[in-house]
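Peer 1: Mind having a look at this structure? Questions to follow.
The values are calculated or read from the model by the stated rules, or taken from the named source; none is laboratory data. Keep in mind it's a predicted model, so treat the numbers as computed, not measured. Counting neighbours? That spans all protein chains shown, and the Cβs are built from the backbone with ideal geometry, glycine included. What goes into the accessible areas is simple: the full protein's heavy atoms, side chains included, and nothing from ligands, DNA or RNA. Shrake-Rupley method; radii C 1.70, N 1.55, O 1.52, S 1.80 Å.
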Amino acid sequence: MTDLSIQEASDIARSYRIIRDKRKRRATITKHLFLAICSLVMVYPLIWMIVSSVKPDNEIFGNISLWPSEFIWQNYPDGWEGLFLSFTVFYKNSIIVTVLAVIGNTLSCSFAAYAFARLEFKGKNIFFALMMMTLMIPYHVVLIPQYLLFLKIGWVNTFLPLIVPRFLAGDAFFIFLMVQFFRQLPRDLDEAAMIDGCSPFKIYWAVILPLSLPALATTAIFTFIWTWEDFLGPLIYLNDIRDYTVPLALRNFISQDSVSMFGQLFAMSILSIVPIFIFFIFFQKFIIRGIATSGLK
Amino acid sequence: MSGVNLNKVVKSYGDLEIIHGIDLEVHDGEFLVLVGPSGCGKSTLLRMIAGLEEITDGTISIGDRIVNDVPAAQRNLSMVFQSYALYPHMTVRKNLAFGLGNLKMPKAEIAKRVAEAAKILQIEELLERKPRQLSGGQKQRVAIGRSIVREPELFLFDEPLSNLDAELRVQMRVELAGLYQRLGTTMIYVTHDQIEAMTLATRIVVLQAGRVEQVGTPFNLYNYPQNKFVATFIGSPKMNMIEGKVNNKGLDLPDFGQISLPATAPKSGAIHFGIRPEQFTIVKSGSAEGDATSTGEITLIEYLGSELFLYITLPSGHIVLVQASSQTQYKTGEQLTLSLTAKNAHYFGEDDLRIPLYDEKK
């Protein structure tokens, strides 16, 4: 029988601890290395675009090195005025379309969702099923009938086809998102508000909406991103360059019959991401804040 | 006038009828408690009075006005919900003022009423907080505050204390009783807790499966239950029920033997013999009193400090619950002789209805 002194026992324990810590550190390093490589693969196109925006045109596709031989910051001011019109106009167009689309979508979809989640009316289930079915139809299928419709009412070549449908709760995805959100709000709140003298509209406006900031923020963020970077919609409905949105304008840097200005194209592409970035930073905090608003027991 | 009158009120969901034609009169200034087991329709009935559920048939009137088609907001009542239902995004002050704002009341009047209610309920220092920063008891006060600022003709409470812990529940119960005395407004209160019902009510309505079983004062319900359901539902712990057979000498009870019945008793059939735990007498050696006795074994003792409950297994295997003095020592396994007095007991026929044998003599 061997008796260990306290000193020996603590030495053994320490050596085990050192081995364990070493192993743990190695595992952490491996994990982080793996994640770093993965994220590099993900952001590489973005890095490439940022770098290309300050490269001389001949180096963008000709030189494998990421680092430019010289920084052409001039791509930015040149790109801004590089087309027939200044990007100020395109940004203005994009902002008009996007802001109205965000307002329209959040308002109208939440309105429709409130009806589906809280009100009782004839044919509610059928309407809900119909709405869900529109989720399964690809946009490209309705594109042509929709175009013909807007052509007939003379809206082609205006912003209206891009804006008005947003005010008519046309986006089943967001309606569904908000129906699900509203359904988990306790009905007791509606009833308390009812006794407090609220009409169904007032309940929606004063109780349901303020409690649904996470769903509203999600809708606003996605509508903003999808509308801002939408290419197909503006391409089809906008013909006059003065009405072009930013993505449409970017395409004009690539020219079939003369020299394409890729440096300027990438410079403006970088700038076109900035609003999305700012909007996301600003609205994502509502998503988090909304979760902590439960005021019941 | 702010009494409430229910006339043959029916509620059904599709083909399923859950309230079967209830007639009920709530007097002006009364504290009426609706009590019954889960699913008996008490909350539904309250929500129908509130205007949150439609009435399938019958009429409900508040004061002189039939309110079947009057929206909840215009019934001049307020309601406290089990979940409190405070608006999470508003401060306590806004929660209290919200309903008044909807009535287009002048700002000064709203501020005055909110301040008054806050003072009554001692929530003045909480006014700028959001509901999530309040404890359960504080939320409950705010919920009550929200209903008193309206100064309604009628208060409705839907199990308002059931989310509180035991100590707070007792405290809020006392405060509610105080509030009722102070305001004197008609109140209708739903609970499944019969202690709340007994302590708060002017009158209690016992409901079961969508029907009124009995309406009466707490005293009446406890001492003169009209049927077997009310007898076992009211009173804690429950009344003991012993199945007896009527024969030509009176009533034959298992374990206790023969007791005589007055001349008005039925001459045949079975009788449910009900006796409350405190109505048994524990017989000390030699001194036999009462009309019948039986000896059984103590199987369980519940010591509550001020009182003591003994579960006694009688020779037939039937277990009766007996209240005893907490100052006497008992041991499980001990043999104990119980005696009972016929005129203290309750008698229910085969149809479960009360047979009023001794009622006038009590």
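Peer 1: Taking the Cα centre of the protein assembly as shown as the origin, how large is its charge dipole in debye, to the nearest 20, when only Lys and Arg (+1) and Asp and Glu (-1) carry charge on their Cβ atoms? Don't jump to the answer; show the numbers that get you there.
Peer 2: Details: 61 positive and 61 negative charges, 239 e Å.
My answer is approximately 1140 debye.
Peer 1: Check each residue of region B:92-110 and keep those whose accessible area, probe 1.4 Å, is at least 10 Å² smaller with all protein chains in place than in the chain alone; give them in order of residue number.
Peer 2: B:F98, B:G99, B:N102
Peer 1: Something else: In a shell of Cβ-Cβ distance under 13 Å around B:L310, excluding B:L310 itself, what net charge do Lys and Arg (+1) and Asp and Glu (-1) give?
Peer 2: -4
Peer 1: Next up: Could you give the dipole magnitude of chain B about its Cα centre, charging the beta-carbon of Lys and Arg +1 and that of Asp and Glu -1, in debye to the nearest 20? It would help to have the intermediate numbers written out before the result.
Peer 2: On the way: 37 positive and 41 negative charges, 226 e Å.
Result for chain B is approximately 1080 debye, rounded to the nearest 20.
Peer 1: Can you give the Rg to Rh ratio of region A:51-132, both from alpha-carbon atoms, with Rh computed by the Kirkwood formula? List each step's numbers first, then the result.
Peer 2: Details: Rg = 24.2 Å, Rh = 17.5 Å.
Result: Rg/Rh = 1.38.
Peer 1: At a probe of 1.4 Å, how much accessible area disappears from chains A and B on forming the pair, both sides counted, to the nearest 100 Å²? Mind showing how you got there, number by number?
Peer 2: Details: alone 18780 and 17300 Å², together 34030 Å².
Buried: approximately 2000 Å² between B and A.
Peer 1: Follow-up. Count the net charge of all other residues whose Cβ sits under 13 Å from the Cβ of B:E25, scoring Lys and Arg as +1 and Asp and Glu as -1. If you can, show how the numbers build up before the last one.
Peer 2: Values: positive: B:K8, B:R203; negative: B:D23, B:D28, B:E30.
Combined, the nearby Lys, Arg, Asp and Glu give -1.
Peer 1: What is the percent of Cα-Cα separations in region B:46-158 that go past 19 Å?
Peer 2: On the way: 2952 of 6328 pairs.
Pairs farther apart than 19 Å: 47 percent.
Peer 1: To continue, here is another question. What are the ³J(HN,Hα) couplings of region B:323-333, residue after residue, when phi is run through the Karplus curve with 6.51, -1.76, 1.60 and θ = phi - 60°? Round to Hz, x for glycine and proline.
Peer 2: 8, 9, 5, 6, 8, 9, 8, 10, 10, 5, x
Peer 1: Oh, and also: Could you pull out every residue, at least 5 positions away or on a different chain, whose amide H is within less than 5 Å of the one on B:F157? Hs are placed 1.01 Å off N in the peptide plane, and Pro or chain starts have none.
Peer 2: Those lying under 5 Å, H to H, from B:F157 are B:V80, B:I188, B:Y189, B:V190.
Peer 1: Can you send over the solvent-accessible area of B:D158, 1.4 Å probe, protein chains only, in Å² to the nearest 10?
Peer 2: 20 Å²
Peer 1: Still on this structure, I have one more. Among A:S15, A:N58, A:W73, which residue has its Cα furthest toward the positive end of the charge dipole of region A:6-75, with +1 on Lys/Arg Cβ and -1 on Asp/Glu Cβ?
Peer 2: Towards the positive end, the residue furthest out is A:S15.
Peer 1: If R₀ is 56 angstrom, what is the calculated FRET efficiency for the pair B:K331 and B:Y13, using the beta carbon separation as r and rounding to 0.05?
Peer 2: Values: r = 54 Å, r/R0 = 0.96.
Calculated value: 0.55.
Peer 1: Once you have the Kirkwood Rh of region A:135-284 from its Cα pairs, apply Stokes-Einstein at 25 °C and 0.890 mPa s and quote D in µm²/s. Show your work: numbers first, answer last.
Peer 2: Working: Rh = 18.6 Å.
Using the Kirkwood radius from Cα pairs, D works out to 132 µm²/s.
Peer 1: For chain B, take the longest principal axis of its alpha carbons; what is the angle in degrees between that and the long axis of helix B:92-102, to the nearest 10 within 0 to 90?
Peer 2: Roughly 70 degrees between the two axes.
Peer 1: Which residue, B:T91, B:G250, B:I204, has the largest displacement toward the positive end of the dipole of the protein assembly as shown when charges sit on each Cβ (Lys, Arg +1; Asp, Glu -1)?
Peer 2: B:T91
Peer 1: Between region B:305-362 and region A:23-62, how many Å separate their Cα centres?
Peer 2: Distance between centres, Cα-based: 84 Å.
Peer 1: Quick one: what does P(r) look like for chain A with 5 Å bins over all Cα pairs, in whole %?
Peer 2: Taking all Cα pairs of chain A, the binned fractions are 1, 4, 8, 10, 11, 11, 10, 9, 8, 7, 5, 4, 3, 2, 2, 1, 1, 0, 0, 0 percent.
Peer 1: Please give the helix B:136-148 orientation as an angle from the longest Cα principal axis of chain B, in degrees from 0 to 90, rounded to the nearest 10.
Peer 2: 60 degrees
Peer 1: Here is a further query. State the number of lysine pairs found in region B:1-127 whose Cα atoms come within less than 28 Å, restricting to pairs 8 or more positions apart or on distinct chains.
Peer 2: Lysine pairs satisfying the spacing and distance rule in region B:1-127 number 9.
Peer 1: Turning to a different aspect of this structure: Helix by helix, which DSSP H runs in chain A go 27 Å or more along their axis at the Cα atoms and have an average Kyte-Doolittle hydropathy of 0.5 or more? Can you show the working numbers first?
Peer 2: Working: long enough: A:6-52 (65 Å, 0.31); A:87-118 (45 Å, 1.18); A:262-291 (44 Å, 1.82).
Qualifying helices, which must be both long enough and hydrophobic enough, are A:87-118, A:262-291.
Peer 1: If you line up the long axis of helix B:107-120 against the longest principal axis of chain B, both from Cα atoms, how many degrees apart are they, to the nearest 10?
Peer 2: 30 degrees
Peer 1: Around B:F31, which amide H atoms from residues at least 5 apart in sequence, or from another chain, sit under 5 Å from its own amide H, with H modelled in the peptide plane?
Peer 2: For B:F31, whose amide H was placed from the backbone, the distant partners under 5 Å are B:M187, B:T202, B:R203.
Peer 1: Restricting things to alpha carbons, find the Rg to Rh ratio for region B:4-233 using the Kirkwood radius for Rh. Don't skip to the answer; put the middle values down first.
Peer 2: On the way: Rg = 17.7 Å, Rh = 18.2 Å.
We get a ratio of 0.97 for region B:4-233.
Peer 1: Further, regarding this structure: Using alpha-carbon positions, what is the distance between the centroids of region A:165-188 and region B:110-180, in Å?
Peer 2: 34 Å
Peer 1: Based on the alpha carbons, how large is the Rg to Rh ratio for the protein assembly as shown when Rh follows Kirkwood?
Peer 2: On the way: Rg = 38.0 Å, Rh = 32.4 Å.
That ratio is 1.17, to two decimals.
Peer 1: Could you rank B:T332, B:T217 by how accessible they are, 1.4 Å probe, largest area first? The partial results should precede the final answer.
Peer 2: Numbers: B:T332 90, B:T217 50 Å².
Solvent-accessible surface, decreasing: B:T332, B:T217.
Peer 1: For region B:107-182, which chymotrypsin sites (Phe, Trp or Tyr not before Pro) are in a loop by DSSP, counting at most 15 other Cβ atoms within 10 Å?
Peer 2: Details: sites: B:F155, B:F157, B:Y180; in loops: none.
Taking region B:107-182 and a limit of 15 other Cβ atoms within 10 Å, no loop chymotrypsin sites (Phe, Trp or Tyr not before Pro) are found.
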